[in-house]
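Some notes on the structure that comes next.
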Amino acid sequence: MMQGTGSVMLSRLARAAALVAIGMALWMLSMRGASAMPEFARRYNLSCAACHSAFPRLNQFGEHFAKNNMRLPNWMETSKQLGDERLALPDHVPLAVRAQAYVQARQGKTIDPVTGASNYAATDFQAPYLVKVLSSAPLSKNITYYFYAIFAEKGGNGEVVVEDAWFSYADLFGSGVDMLLGQFQLSDSMFPREVRLPFQDYMVYRMAGITYDRGVVFSRDVGPLAIQLGFTNGNGINANSSINSPGFGRPDRMFDNNSSKTVFTHLGADVGPVALGVFAATGKQRSATGPAGTAMGLRDTDKRIVGLDASGQLGGTVNWYVQYLWNAWDGFLDADPSRNYRWQGGFAGVDWIPNDRWAFSALYNHDRAGDLAHTHTIYEGLAMSSLSLTSSYYFMRNVKGIIEVNFDFLNKTTPAGRYFTGHLSKENYILFGFDTAF
Amino acid sequence: MSPVDRHRNRWPSVAASALGLLAVASPLGAQAPGTGTLRIESVPSAANVELIGGPAGVTPLTVTERDIYPNTYADSRADMYGMVWVRHPGCEPLQHRVTADDIKQGLRLNLDCGVASAALEAPPALAATPAAIPAAAPASANATIPERRLRQLQVLQELLDENLISPAEELRIRRRILQLKPPGG
């Protein structure tokens with residue numbers, strides 16, 4: 001009883017502390033000037049409103065800007081004038097910062113799938129949630145670079161993670177084909193995660209493993225069709241290994257872990273007021289092995305993905321989007337290599353931006369584990385059914401406070417096998433915080 | 001059920017209520033005070049202002065950033081994105097790309113109201129309403145009447161030489177210019 005009362009007291013204290021922290025931060029932010037301007041706005045002396053309907057969501061012109069090699073026609077005039085027409089140095093170091101900090105109350109736990117040991121924190125200061133340094137500039141008539149590095153993402157203090165990092169070359173050899181080489185997300189060809197309004201993610205992209213990878217993507221518009229064709233290593237952006245002779249290290253490193261490449265394509269077209277897209281990808285992934293499938297196996301297994309996406313607008317203030325992905329993971333589990341696994345999922349969302357101060361979003365994620373259900377592996381966790389409701393208040397164009405509530409519609413399960421897998425804890429949460437770019 | 005469990009089970013509804021309250025409290029549909037407006041003035045005033053969305057009014061006027069940077073627009077109007085067009089009878093139309101500095105400081109546009117622009121715009125209208133010619137062609141305020149007439153006649157000759165107006169129109173406008181009386185005369 002004493003313990004319960006103590007927990008309630010602790011919870012109240014944490015809540016009070018959170019409210020005080022939020023109040024202080026709100027007050028401090030309201031005192032800030034309007035000088036904070038992200039890099040593109042600085043370079044072209046434009047308001048953030050030129051490209052964003054509500055930061056970070058892009059408006060029609062922002063999408064055009066991104067597609068147009070991230071530049072405006074007068075980009076050369078914004079470069080340092082050194083009297084050398086073959087030198088387009090940015091006249092300042094083109095850096096911008098994005099920072100997020102949150103306070104969250106949640107029901108989700110961290111659960112060890114092998115031992116069942118769990119950690120629970122009813123309230124959680126996730127501040128800073130991330131600090132991101134971004135940079136981009138046009139370097140020549142055709143070439144632009146872009147990258148960002150995240151410091152201490154999601155509490156990983158001491159870490160720096162480079163995610164998007166690429167060169168793009170517009171109009172390759174005068175062919176009308178644009179090329180992008182570097183690290184990027186395959187899913188960016190559908191709905192870029194980085195410009196979504198909710199805190200909650202587009203979960204199916206992460207589950208399907210079509211977020212960050214290293215590779216090349218070619219884009220071209222053919223009539224009403226926007227076509228993208230890409231090739232990636234297929235093993236993410238963390239892996240690399242020393243090339244040696246044998247055992248004696250050479251300076252170069254191998255980023256891929258096999259010779260096969262993931263091939264993906266996206267075809268998009270506007271059909272009336274609706275933007276429709278079809279996505280397909282095929283490649284290899286390492287099998288899952290070990291207790292509850294927590295370890296990476298040695299076999300390369302086939303994986304295929306087919307996706308459909310649609311989006312549109314209603315009345316100029318409402319944007320809607322829908323995504324569906326079908327996944328085939330052949331022989332994925334070492335426990336039964338002869339079995340092929342199919343699963344599917346998707347999400348649907350609406351952003352309502354009634355004015356310059358407020359944005360409201362609803363995002364529904366729905367994923368089914370399919371053939372991976374009841375496998376007593378962590379892949380039972382593919383199942384998800386949650387609705388996230390988000391209110392964003394813009395103190396400035398580039399500074400917002402958000403409140404998000406997540407409702408988990410999946411029923412809790414109890415472990416049915418040897419391991420602690422399945423939906424063992426509800427994932428409701430409420431989150432307050434700040435998101436800013438300058 | 002322990003107090004902690006009760007709290008856990010209750011908080012989603014509390015959270016939803018908080019979100020709902022926030023939504024109800026927001027000034028939906030209202031332009032937030034002090035955010036993103038652009039004051040447009042012109043010399044001369046009473047000029048027609050056109051933005052990407054179409055006619056916006058007459059100077060002096062105040063528009064919002066979203067009037068200049070709408071979230072959506074027709075592809076055929078893409079060239080007008082972020083632009084302000086100002087037109088005044090007798091003046092050369094002026095287009096201006098809006099910058100962040102403009103939004104901060106306001107926009108004051110000086111129109112070129114020399115006779116050239118007036119004449120270039122005028123021919124079809126002049127043919128229909130010759131009486132409008134003198135009013136549609138005000139010259140520089142500092143120019144004397146003979147200087148203005150000379151400049152008007154030179155421009156008229158250039159228009160005729162380039163076949164932009166017919167000889168009959170040229171004759172009719174020439175007569176008008178020569179019949180002009182000085183102010184007060």
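Run the helix sum for chain A: -39,500 (n - 2.57) per DSSP H stretch of 4+ residues, divided by residue count, reported at 222 nm to the nearest 500 deg cm²/dmol. Value at 222 nm, helices only, nearest 500: -3500 deg cm²/dmol.
What's the exposure ranking of A:V217, A:V195, going from fewest to most Cβ atoms within 10 Å? Could the numbers behind the result be given before it?
Numbers: A:V217 23, A:V195 15.
Lowest count first: A:V195, A:V217.
The mean number of partner chain beta-carbon atoms within 10 angstrom of a residue's beta-carbon across peptide A:44-53 is 6.
Comparing A:A121, A:A362, A:G422 along the charge dipole axis of region A:32-437, the residue lying farthest to the positive side is A:A121, per the Cβ-charge model. Shown for A:I237, A:I210: other C-beta atoms within 10 Å of each C-beta, ranked fewest to most, produce the order A:I237, A:I210. Taking every pair of alpha-carbon atoms in region A:193-306, give the share separated by more than 23 Å as a whole percent. Percentage above 23 Å: 46.
Remark: region A:176-192, residue by residue, has Karplus-estimated 3J(HN,Hα) of x, 8, 9, 10, 10, 10, x, 9, 7, 9, 4, 5, 4, 5, 9, 10, x Hz, where x stands for each Gly or Pro and the curve is 6.51 cos²θ - 1.76 cosθ + 1.60 at θ = phi - 60°.
A cut-off under 15 angstrom between Cβ atoms defines the neighbours of A:T262, and their net charge, with Lys, Arg +1 and Asp, Glu -1, is 0.
I'd like the per residue volume of the convex hull spanned by the Cα atoms of region B:37-110, given in cubic angstrom. Provide the component values of the computation, followed by the final result.
Numbers: hull volume 5.8 nm³, N = 74.
Residue-normalised Cα hull volume stands at 78 Å³.
Computed 3J(HN,Hα) for region B:64-70, one whole-Hz value per residue from the Karplus formula 6.51 cos²θ - 1.76 cosθ + 1.60 where θ = phi - 60°, is 8, 4, 5, 5, 8, 10, x, glycine and proline marked x. Here the Karplus relation 6.51 cos²θ - 1.76 cosθ + 1.60, evaluated at θ = phi - 60°, turns the backbone of region B:150-158 into coupling constants of 4, 5, 5, 5, 5, 5, 4, 5, 4 Hz, with x for every Gly and Pro.
Which value results when the Cα radius of gyration for chain A is divided by 2.2 N^0.38 Å? Provide the component values of the computation, followed by the final result.
Working: Rg = 23.2 Å, N = 438, 2.2 N^0.38 = 22.2 Å.
Here the answer is 1.05, to two decimals.
Once backbone amide H atoms are built at 1.01 Å from N, B:T64 has B:L38 as its partners under 5 Å, excluding neighbours fewer than 5 places away on the same chain.
Normalise the Cα radius of gyration of region A:121-264 by 2.2 N^0.38 Å (N = residues in it) and let me know the number. Working shown, then result.
On the way: Rg = 17.8 Å, N = 144, 2.2 N^0.38 = 14.5 Å.
Dividing the Cα radius of gyration by 2.2 N^0.38 Å gives 1.22.
Database remark: amide H of B:C113 closer than 5 angstrom to the amide H of B:E92 (H placed geometrically; neighbours at sequence offset of 5 or more, or on other chains; Pro and chain starts carry no H).
Partner shielding of A:387-394 amounts to 2, given as the average count of beta-carbon atoms from other chains within 10 Å of each residue beta-carbon.
Throughout, read-outs are computed from the coordinates displayed, never taken from laboratory work. These figures come from a predicted structure and were not determined experimentally. Positions of Cβ are backbone-derived with ideal geometry, glycine not excepted, and every protein chain shown enters the neighbour counts.
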